[in-house]
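Okay, structure first, notes after.
The values are calculated or read from the model by the stated rules, or taken from the named source; none is laboratory data. All of these numbers come straight from a predicted model, not from anything done at the bench. Cβ: placed from backbone, ideal geometry, glycine included. Neighbour counts: every protein chain shown.
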Amino acid sequence: MIIYLDQHAVEVPGGITVAAALAYAGSSASRRSCTGQHRAPFCGMGVCQECRMQIDGQRRLACQTLCRPGMQVERSG
Amino acid sequence: MTTQAIVIGAGIVGAACAAALAQRGAKVLVLDDGRGGATGAGMGHLVAMDDNPAELALTHYSLGLWQGLRAQLPERCAYRGCGTLWLAADEQEMALAMGKQALLAEQGVASEALGTQRLAQLEPMLRAGLAGALKVPGDAIVYAPAAAAWLLQQAAGVTLRPATVQAVQGRQVTLQGGERLAADIVVLANGFGAKALLPALALRPKKGHLLITDRYPGRVSHQLVELGYAASAHHSEGTSVAFNVQARPTGQLLVGSSRQFDTLETRVEPAVLARMLARAVAYLPALAGLNAIRAWTGFRAATPDGLPMLGEHPEQPGLWLALGHEGLGVTTAPGSAQLLCALMFGNAPLIDARPYAPGRFAEGQAA
């Protein structure tokens, strides 16, 4: 299926999480810290909060969200 | 001859005391056990509190000193002059707001009464139909751990040493492991940790919960506090919650507040957190749809009358106390430090020091 990562179309397999899709797309960075450093999924189970992203207009955890066709995923913030 | 001082505790109060002593030419050794206290756990709200004249005098004096530091504070201290909105749910609370305005004005603290519509314009995330608010524009926020570290760094003649103090007797300090230190002045500024060194101190722990959300910039602009906060803040028994939300410069919302006595259990208690959040959602309904990323607890060091102990220990000359700031230590640290130094060096403090005298509690309780 196609999802949009920072407005770029990415082909990913069905049934994977957004966190997995980030890795699949070649960079697992999920967001930036207050000082501008990259952050990426760490615990993979919804605890560490490092993979919070803007997903279809909502703040969500990439590791707890399954990809669906046409999903808009943004790394900003 | 140079005054030698030891300050125990590198939180905001200890750091302010060390900086004030250094300003007066003292050589200061700051000892801290690194366990962290109320400075790192609290909100960092710089607020004029008016529950009694002494509290207002110390908070107002301190806010002026923070204003003076503002231009020098590095960005990591995240100082923002956001002001406080004291929210009135109904006409009865609006009457309280007007009373508060009069009390603040007596000390020269400016405030502005806002009606329903003006409040809704300023903070559209608040639930509709609140009666209004009292806006105190001089209040601010600061990231207290960074401010404490900065106060220590910028002062000449201050050395910070990681060490655990085992005992204090007058001007003598014994470290874990047996090393003994002495100074002309010893300042105890380690919050509730002081109780372990001086068990008779009239300090009780008052547990609080806080929660922080993900970043949602632009949703809230002021520190928002319900007018019933003071009533909750001054309960001396049982568990109470009050609405208190701060917009961090990152756009995160820092949500409080709760109070519990006589527990030192550090874990987050879901039942208390749930009550606190239900209160917050009653004021900010859309908060329920936002993501929280962390919750934690901390302990305020509370005295029987809610005022700090600032002065020399009544029975141990050379040992000075800067303790019991409860939830206001970040606000009152600079004023407390100046007042304490004035007493140490025999100058007249700029505000009346008597309400904070450590010996004011019943014999055997304070010391």
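Structural remarks
- Residue satisfying all of: in region B:142-158; touching a Cys at 6+ places or on another chain (Cβ under 8 Å) and part of a loop (DSSP other than H, G, I, E, B); surrounded by the fewest Cβ atoms within 10 Å (Cβ to Cβ) among these: B:Tyr143
- Within region B:245-283, no residue satisfies the criterion of being assigned to a helix (DSSP H, G or I) and among the polar types (S, T, N, Q).
Okay, residues lined up against (1) part of a strand (DSSP E or B); (2) surrounded by 11 or more Cβ atoms within 10 Å (Cβ to Cβ):
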site	(1), (2)
A:Gly14	no, no
A:Ala20	no, yes
A:Ser27	no, yes
A:Arg59	yes, yes
A:Cys63	no, yes
A:Arg68	no, yes
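- Selected residue [more than 30 Å from B:Gln4 (Cβ to Cβ), touching a Lys or Arg at 6+ places or on another chain (Cβ under 8 Å), buried (at least 20 other Cβ atoms within 10 Å of the Cβ) and modelled with pLDDT of 95 or more] from B:Leu104, B:Leu134: B:Leu134
- Contact annotation: residue pairs with Cβ atoms under 6 Å, 6 or more positions apart or on different chains, pairing a residue in region B:210-229 that is within 14 Å of chain A (Cβ to nearest Cβ) and touching a residue at least 12 places away in the same chain (Cβ under 8 Å) with a partner that is assigned to a loop (DSSP other than H, G, I, E, B) and of a type in the set (Val, Ile, Thr), are B:Arg215/B:Thr250.
- One residue stands out among those in region A:42-55 that are closer than 23 Å to A:Pro13 by Cβ and either of a type in the set (A, V, I, L, M) or away from chain B (no Cβ under 14 Å) (or both): the one that is surrounded by the most Cβ atoms within 10 Å (Cβ to Cβ), which is A:Met53.
- Of note, B:Ala286 does not satisfy the criterion of being assigned to a helix (DSSP H, G or I), loosely packed, with under 14 Cβ neighbours inside 10 Å and away from chain A (no Cβ under 14 Å).
- The sole residue among B:Thr213, B:Thr174, B:Thr164 that is in contact with an Asp or Glu (Cβ under 7 Å, 6 or more places away or on another chain), on the phi < 0 side of the Ramachandran plot and modelled with pLDDT of 95 or more is B:Thr164.
- Region B:159-215: number of residues that are part of a loop (DSSP other than H, G, I, E, B) and either of a type outside the set (Lys, Arg) or under 26 Å from the mean Cα position of the chain (by Cα) (or both): 17
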